[in-house]
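Structure first, commentary second.
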Amino acid sequence: MRNLTGADIICECLIEQGVDTVFGYPGGAVLNIYDSLYNYSDKIHHVLTAHEQGASHAADGYARSTGKTGVVIATSGPGATNLVTGIATAYMDSVPMVAITGNVACSLLGLDSFQEVDITGITMPITKHNFIVKDVNKLADTLREAFYIAGSGRKGPVLVDVPKDITAQKAEFVNKPLKPYTVNVTMHQDDCIAKAAELIKSAERPFLYTGGGIYGDDGAKTLKAFAELIDAPVSSSLMGQGSFDETDSRYMGMLGMHGTKTAAEAIKNCDLFIAVGTRFSDRVIGNPKTFAPDAKVLHIDIDPAEINKNIKVYHQVIGDSTDVMKKLIKIIPQQSHTDWIGRIKAWEKQYECRQKGTEELTLTPQHLIETLDKLTNGEALIATEVGQSQMWAAQYYAYKHPHQLITSGGLGTMGYGLGAAIGAKCGNPDKTVVNVAGDGSFHMNLNELVTLSKHNIPVVELVINNNVLGMVRQWQRLFYGKRFSQTTLDRPTDYMKLGEAFGIKSFVIDSEDKCEEILREALEVSKTAPVLIEARIDKDINVLPMVPAGKSITEPILEIEIDD
Amino acid sequence: MTERNVISVCVNNGIGVLGRVTGLFSRRGYNIISLNVAETENLGISRMTIVAEGDEGVMEQLVKQLRKLYDVSEVKVLRDAVCREHIIMKVGNGPASRQPVIEIANLFRAKVVNVAESRLMLELTGEPEKIDSFIGLLQPYGVKELVRTGISALERD
Ligand SMILES: Cc1ncc(C[n+]2csc(CCOP(=O)(O)OP(=O)(O)O)c2C)c(N)n1
Ligand SMILES: [Mg+2]
């Protein structure tokens with residue numbers, strides 16, 4: 001037993017939880033914590049970002065790409081509020097994160113003291129739970145509980161607010177064994193599994209759909225075995241990209257607003273829709289009334305509250321999705337749906353869909369992302385910002401591993417990707433990490449370029465520059481009579497100079513024929529140092545297919561006329 | 001079909017817990033008709049009785065979302081329960097109204113808890129429907145101010 005300050009207790013608890021990397025930014029209310037981090041610097045690597053938002057996204061990217069819980073530290077007041085977007089992003093995508101914020105001393109709480117905000121109040125709707133610790137004797141157990149909550153069941157962010165005096169006061173500290181993560185819900189019963197198996201056995205045209213609830217090699221292997229056993233075609237949500245190897249012939253492409261026409265046709269014609277580790281986001285289902293019109297829906301998920309929320313299901317199994325699939329694999333004999341798979345293949349041929357640039361020889365984003373895929377053997381971790389560039393990154397890179405695509409699916413946070421890429425690279429120093437950014441998103445948090453160069457974090461920042469807020473422009477074109485209000489950026493930013501100013505080697509790609517060569521060179525440099533690439537594309541390349549919000553998922557738009 | 005449901009929720013007895021529960025209702029658009037909360041036999045736990053409106057789907061969601069809150073240990077939609085509500089009200093529009101008001105109070109076994117020149121203060125505990133009709137009958141005599149606790153309820157064994 002040791003008598004430690006609250007700040008030291010925080011460091012000890014982080015080590016106890018297996019944390020070796022944290023992201024954050026110092027300030028008055030966390031002076032004691034940073035003083036302690038100074039002592040613990042050999043065990044806890046602290047990455048200083050340019051902005052707390054960047055740190056929160058880094059903790060998120062670290063968590064998604066490692067499967068561990070990400071940790072971010074910020075000071076009270078503005079430090080804490082700067083985390084809000086990052087916490088909300090993690091919450092929407094069920095990412096395990098522990099945010100530790102400082103606050104004013106207990107005696108100053110509630111008095112509108114300098115840099116005081118009620119951060120537990122502010123983050124209540126965007127955390128799984130949050131705590132304020134007003135007794136140093138409860139600090140260690142509260143932090144342990146925070147990690148337990150973040151990593152259990154449906155994962156998510158937890159915030160622990162620690163007033164400054166608590167970090168200075170002392171308490172006895174003893175290490176405790178880790179509390180294992182649990183599923184946290186009443187689990188399915190065996191007869192429930194049996195009924196699911198019966199449904200699958202009697203299906204003639206099953207559709208297997210997966211989401212972000214598939215984790216790691218075990219999850220991916222199990223899913224593959226399951227898909228083969230039940231002989232179903234597979235599609236994923238944006239969050240589920242890579243949970244099923246996209247180079248596998250069973251894979252139909254993404255489902256949803258920018259999903260493939262093949263997946264849409266399959267939805268229209270399937271008789272059993274099996275959703276595994278996924279929620280039915282409105283971006284996926286379109287109009288719920290016309291979703292999978294002839295199918296029974298079987299939903300397998302860890303969160304009971306997702307059952308019947310957006311789509312009424314026929315049967316559900318509550319539990320860890322990999323676990324449930326393993327149980328089903330044991331009791332289902334090999335199925336065969338040759339005709340059905342044949343029809344899928346035919347649709348795939350019929351509906352090949354891609355739009356070329358409007359001018360000859362200009363670089364297309366499709367070509368760019370496919371070249372990136374080729375040069376990285378489809379093995380890079382791809383972070384994204386939000387917009388058209390995000391969708392191209394999702395559509396044209398063939399992911400092979402769960403959570404290989406690190407993207408803000410639920411909140412759609414522009415400014416997410418660079419921070420997330422920093423976190424992903426810190427957690428995976430041996431992997432190539434690329435952030436695919438739109439020019440609009442890039443300008444939101446480009447300050448984190450300096451984090452790349454200062455700490456020499458060799459991330460590839462790939463800006464797809466169409467000079468517009470492309471995704472919004474696409475909607476304005478389709479639904480607002482081409483009134484391009486505030487979406488034409490045409491900013492004078494010189495990306496080469498900007499990169500150099502931050503100490504980052506920079507490249508420009510402006511034609512299809514030089515794309516591969518420059519990209520290869522940039523990737524080579526990125527083995528030891530960060531790089532910035534500006535890839536110039538046409539303003540009017542649209543993301544296709546597209547299902548307008550609330551419209552039937554089965555009838556995507558396949559072509560958009562550009563006549564201006 | 002939209003229905004009123006009585007939900008019994010056991011929560012940790014701590015700061016901010018009420019805010020977590022009501023916050024969930026407001027952000028998901030669930031309508032609270034009444035909410036009543038106090039300590040239980042177990043000092044660490046409070047029981048909330050919430051009357052909420054919604055069809056079957058809404059109620060299913062509401063219960064599941066409540067169960068996800070860390071501070072919530074039990075959620076039950078009550079079907080066969082003893083429901084009670086308490087009311088305190090000021091009634092009367094002058095000395096002439098006193099006698100008829102007392103008569104109605106007696107019929108309902110309500111108590112007169114204060115007598116002022118032109119009105120009485122009454123108190124009554126009972127099923128919510130009984131409280132409603134009590135108020136209805138007193139309406140002609142001038143209901144000045146009233147406070148209802150909202151329903152508290154326990155399921156029958
Ligand atoms: C923080 C934030 N603000 C606004 C939006 C709305 N929004 C969605 S996509 C988009 C355009 C993104 O432009 P850009 O980053 O250049 O990507 P592009 O679509 O051009 O590829 C905007 C403004 C958002 N998602 N996030
Ligand atoms: Mg753009």
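The values are calculated or read from the model by the stated rules, or taken from the named source; none is laboratory data. Computed from a predicted model, the values in this text were never measured in an experiment. All Cβ positions, glycine included, derive from the backbone under ideal geometry; neighbour counts span all protein chains shown.
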message: Among the numbered criteria (1) more than 11 Å from ligand 2 (Cβ to nearest atom); (2) under 19 Å from A:E370 (Cβ atoms), which one does A:L411 miss?
response: (2)
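Restricting attention to segment A:503-514, does a residue exist that is without any contact (Cβ under 8 Å) to a residue 12 or more places away in the chain and acidic (D, E)?
Taking every residue of segment A:503-514 in turn, none turns out to be without any contact (Cβ under 8 Å) to a residue 12 or more places away in the chain and acidic (D, E).
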- prompt: Can you name every residue in segment B:12-43 that is in contact (Cβ under 8 Å) with a residue 24 or more places away in the chain, closer than 16 Å to B:K64 by Cβ and not charged (D, E, K, R)?
  reply: B:V21, B:L24, B:F25, B:Y30
- request: With a cut-off of at least 2 residues that are buried (at least 16 other Cβ atoms within 10 Å of the Cβ) and within 16 Å of ligand 1 (Cβ to nearest atom), name the helices (runs of 4 or more DSSP H) lying wholly within segment A:419-516.
  value: A:439-445, A:470-479, A:495-501
- prompt: Taking segment A:131-141 only, how many residues are more than 10 Å from chain B (Cβ to nearest Cβ) and buried (at least 17 other Cβ atoms within 10 Å of the Cβ)?
  reply: 4
query: If only one of A:P180, A:P163 is of a type outside the set (A, V, I, L, M), outside the structural domain of A:V72 (by TED's automatic domain parsing) and over 23 Å from the mean Cα position of the chain (by Cα), which one is it?
result: A:P180
task: Consider A:K128 carefully, then state whether it is touching a strand residue (DSSP E or B) at 6+ places or on another chain (Cβ under 8 Å) and either of a type in the set (S, T, Y) or surrounded by 21 or more Cβ atoms within 10 Å (Cβ to Cβ) (or both).
output: yes
- line: Checking A:N377, A:N310 in turn, the sole residue that is within 22 Å of the chain's Cα centre (by Cα), within 14 Å of another protein chain (Cβ to nearest Cβ), surrounded by fewer than 17 Cβ atoms within 10 Å (Cβ to Cβ) and in a loop (DSSP other than H, G, I, E, B) turns out to be A:N310
statement: A:P180: passes all of (1) over 30 Å from B:R27 (Cα atoms); (2) within 14 Å of chain B (Cβ to nearest Cβ); (3) at pLDDT below 95 but (2)
task: Scan segment A:379-394 residue by residue and report those that are within 19 Å of A:I214 (Cα to Cα) and either within 16 Å of ligand 1 (Cβ to nearest atom) or of a type outside the set (A, V, I, L, M, F, W, C) (or both).
output: A:E379, A:I382, A:A383, A:A394
message: Can you tell me how many residues within segment B:69-102 are in contact with a Leu (Cβ under 9 Å, 6 or more places away or on another chain) and within 11 Å of chain A (Cβ to nearest Cβ)?
response: 2
statement: Across segment B:45-59, the tally of residues that are assigned to a helix (DSSP H, G or I) and at pLDDT 95 or above stands at 0
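Can you name every residue in segment A:447-467 that is under 19 Å from the mean Cα position of the chain (by Cα) and either small (G, A, S) or within 16 Å of ligand 2 (Cβ to nearest atom) (or both)?
Those that are under 19 Å from the mean Cα position of the chain (by Cα) and either small (G, A, S) or within 16 Å of ligand 2 (Cβ to nearest atom) (or both): A:E461, A:L462, A:V463.
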- line: Scanning segment B:1-39 for residues that are in a loop (DSSP other than H, G, I, E, B) and within 11 Å of chain A (Cβ to nearest Cβ), the one surrounded by the most Cβ atoms within 10 Å (Cβ to Cβ) turns out to be B:G16
field: Positions within segment A:390-418 being surrounded by 24 or more Cβ atoms within 10 Å (Cβ to Cβ) and hydroxyl-bearing (S, T, Y), in sequence order
entry: A:Y397, A:Y399, A:T407, A:S408, A:T413, A:Y416
- request: State whether the residues of segment B:105-115 include one that is outside any helix (DSSP H, G or I) and closer than 18 Å to B:I33 by Cβ.
  value: no
field: segment A:111-125, residues that are surrounded by fewer than 17 Cβ atoms within 10 Å (Cβ to Cβ) and more than 11 Å from every other protein chain (Cβ to nearest Cβ)
entry: A:L111, A:D112, A:S113, A:F114
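For the structure I just gave you, tell me whether A:D60 is surrounded by 24 or more Cβ atoms within 10 Å (Cβ to Cβ) and in a helix (DSSP H, G or I).
Working: surrounded by 24 or more Cβ atoms within 10 Å (Cβ to Cβ): yes; in a helix (DSSP H, G or I): yes.
So A:D60 fits the description; yes.
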query: Regarding B:N42, is this residue surrounded by fewer than 16 Cβ atoms within 10 Å (Cβ to Cβ) and either touching a Ser or Thr at 6+ places or on another chain (Cβ under 8 Å) or modelled with pLDDT of 95 or more (or both)?
result: no
statement: If you go through A:V276, A:V297, A:V284, the only one that is crowded, with 19+ Cβ neighbours inside 10 Å, more than 14 Å from every other protein chain (Cβ to nearest Cβ) and modelled with pLDDT under 95 is A:V284
task: Give the residues of segment B:139-154 that are in a strand (DSSP E or B) and of a type in the set (A, V, I, L, M), sorted by residue number.
output: B:V143, B:L146, B:V147, B:A153, B:L154
